[in-house]
Amino acid sequence: MTYTQPELPYAHDALAPAISAETVHYHYGKHEKAYIDNLNKLIKGTEFEDMALEEVIEKAQGPLFNNASQAWNHIFYFFSFSPDGGGEPGGELGEAIRKQYGSFEEFKKMFVEAGVSLFGSGWVWLSRDNDGRLFITQGPNASNPLTQGLTPILTFDVWEHAYYLDYQNRRKDALEALWDIIDWDIVESRY
Ligand code: MN
């Protein structure tokens, strides 16, 4: 199987000012493209070639894991956004967030803090277990909660390449701005 990069469902300048057109161009157009190109090169002729990408992430190690997971993570990240996004989650996810974290405001604080306190490059995640219990986790580099048996629901990319053009060293500002473009319909459907 050869992986192809899906077109984003919005224009490159549609997420501004939270994420600029320039950042979408480099982050999705260059960084994510490189992960997918590398994944295709590394997987060819291996036992992983015909597995679902999620299974590759669960089973592979080293460069193949890194590129498979980064390929998946960026699509999950960029397909969480909409120029009409923002507001609060509803439905069962909204209920679970309020029940477990007290309020949506408190959840947002904890999620951003997990992203800000991650040293170096990585990802912050909201996931659920098989009982619907929510987990906020952070992990370095290409980490993905699939490897911990959890189902990802939402992620923020905290690699510098995700925000440096727009926010330089202000990672917290970069993460807080993302709440304005979250497409909660999509994110709720993952719960
Ligand atoms: Mn990234």
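Some observations on this one:
- All Cα pairs of the range 53-191, percent lying beyond 27 Å: 16
- Cα gyration tensor shape for the range 95-139, rounded if a/c is under 1.5, else prolate or oblate: oblate
- Dipole magnitude for the chain: about 500 debye, using +1 per Lys or Arg Cβ and -1 per Asp or Glu Cβ, origin at the Cα centre.
- Projecting the Cα positions of LEU93, ALA162, PHE76 onto the charge dipole of the chain (unit charges on Cβ atoms of Lys, Arg, Asp and Glu, taken about the Cα centre) puts ALA162 furthest along the positive direction.
- Radius 13 Å from Cβ of HIS27, net charge of other residues (Lys, Arg +1; Asp, Glu -1): -3
- Neighbour net charge for TRP179 - beta-carbon separation under 10 angstrom, K R +1, D E -1: -2
- Neighbour counts of other Cβ atoms within 10 Å put MET1, MET110 in the fewest-to-most order MET1, MET110.
- Net charge dipole size for the range 101-159 [Lys, Arg +1 and Asp, Glu -1 on Cβ; Debye, nearest 20]: 40
- Adding -39500 (n - 2.57) for every DSSP H run of four residues or longer, then dividing by how many residues the chain holds, sets the calculated 222 nm ellipticity at -12000 deg cm²/dmol.
- Proportion of all alpha-carbon pairs of the range 145-191 beyond 16 Å (%): 50
- Calculated from backbone phi, Karplus (6.51, -1.76, 1.60) coupling profile of the range 32-38 in Hz, x at Gly/Pro: 5, 4, 5, 4, 5, 4, 5
- Dimensions (Å) - the range 10-65, Cα atoms, principal axes, largest first: 43, 18, 18
- Relative to one another, the C-alpha centroids of the range 132-191 and the range 1-23 are positioned 16 Å apart.
- GNM top mover of THR147, THR137, THR23 - the chain, alpha-carbon springs below 10 Å: THR147
- With distances taken between every two different alpha-carbon atoms, the range 52-127 has a Kirkwood hydrodynamic radius of 14.7 Å.
- Percent of Cα-Cα distances greater than 12 Å, calculated over the range 59-99: 71
- Pairs of Lys in the chain closer than 22 Å at Cα, counting only those 8 or more apart or on different chains: 10
- Here the relative contact order of the chain, from alpha carbon pairs under 8 Å that lie six or more residues apart, stands at 25 percent.
- Distance histogram in 5 Å bins (all Cα pairs of the range 1-120, percent per bin): 2, 9, 16, 15, 16, 17, 14, 8, 3, 0
- In order along the range 8-16, phi translates into HN-Hα couplings of 6, x, 8, 6, 4, 9, 6, 9, 5 Hz, rounded to whole numbers, per the Karplus curve 6.51 cos²θ - 1.76 cosθ + 1.60 with θ = phi - 60° and x for Gly and Pro.
Every number in this text was worked out from the coordinates using simple rules, so none of it is lab data. Here the structure is a predicted model, which means the values were calculated and not measured. All Cβ positions, glycine included, derive from the backbone under ideal geometry; neighbour counts span all protein chains shown.
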